[in-house]
Amino acid sequence: MTLVIVDVDARGGSPINGTMTEFGAVALNRDTAVRSAFHGVLVEAEPDHDNPAVPLIKPGARRYPEFQVMCRFEDWLRRFGDRVIFVSDNPLYDGMWIWAAFDRVGLDNPFGHSGRRIADFAAGLESD
């Protein structure tokens with residue numbers, strides 16, 4: 001089992017009308033001491049000056065093919081075996097963007113349809 005901690009940057013309320021600009025993932029496996037990172041960029045953006053938590057997409061921003069980015073992500077995830085667990089600060093938000101991107105490009109979601117909060121992982125580290 002490998003925990004994959006994911007953080008998504010996106011603009012808009014959902015993948016239906018919004019845009020995921022980029023995401024990062026870190027894989028952690030206690031048994032094998034595997035630690036690896038992935039960064040997927042879909043649209044070049046910068047933090048919005050009014051709300052730095054939201055990416056600002058400038059007109060004419062460079063866009064990268066979603067299919068290629070998600071295929072690279074899927075290939076990276078495959079290195080960790082059949083059981084990768086999605087972990088995020090907010091799995092409902094981050095997960096919906098990742099799930100939708102895999103679906104849009106016609107790939108199976110390697111995470112299945114569940115995720116864990118990063119607070120669960122932190123509690124485990126503290127034996128709580």
Single residue of the range 78-92 satisfying the filter (open to solvent by 70 Å² or more (accessible area, probe 1.4 Å) and not in a loop (DSSP other than H, G, I, E, B)) that is farthest from Asp7 (Cα to Cα): Arg78
Only one of Leu56, Leu42 that is over 25 Å from Ser114 (Cβ atoms) and touching a strand residue (DSSP E or B) at 6+ places or on another chain (Cβ under 7 Å): Leu56
Subset of the range 1-56 [in a loop (DSSP other than H, G, I, E, B) and surrounded by 17 or more Cβ atoms within 10 Å (Cβ to Cβ)]: Pro15, Leu42, Ala45
Members of the range 74-107 found to be modelled with pLDDT under 95 and of a type in the set (Asp, Glu), listed by number: Asp82, Asp89
Residue within the range 73-86 that is in contact with a Lys or Arg (Cβ under 8 Å, 6 or more places away or on another chain) and not aromatic (Phe, Trp, Tyr) present: yes
Qualifying positions in the range 105-128 - part of a helix (DSSP H, G or I) and either free of Cβ contacts under 8 Å to residues at least 60 places away in the same chain or in contact with a Pro (Cβ under 6 Å, 6 or more places away or on another chain) (or both): Ala119, Asp120, Ala122, Ala123, Gly124, Leu125
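Every residue, every condition in (1) within 13 Å of the chain's Cα centre (by Cα); (2) at pLDDT 90 or above; (3) more than 19 Å from Phe102 (Cα to Cα), yes or no:
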residue	(1), (2), (3)
Phe38	yes, yes, no
Glu44	no, yes, yes
Asp50	no, yes, yes
Ala53	no, no, yes
Arg62	no, yes, yes
Met70	yes, yes, no
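The values are calculated or read from the model by the stated rules, or taken from the named source; none is laboratory data. For clarity, every value in this text was computed on a predicted model and none was experimentally measured. Glycine gets a Cβ as well: all are built from the backbone with ideal geometry, and neighbour counts include every protein chain shown. For the accessible areas, the whole protein counts, side chains as well, though only heavy atoms, and no ligand, DNA or RNA atoms are used. Shrake-Rupley method; radii C 1.70, N 1.55, O 1.52, S 1.80 Å.
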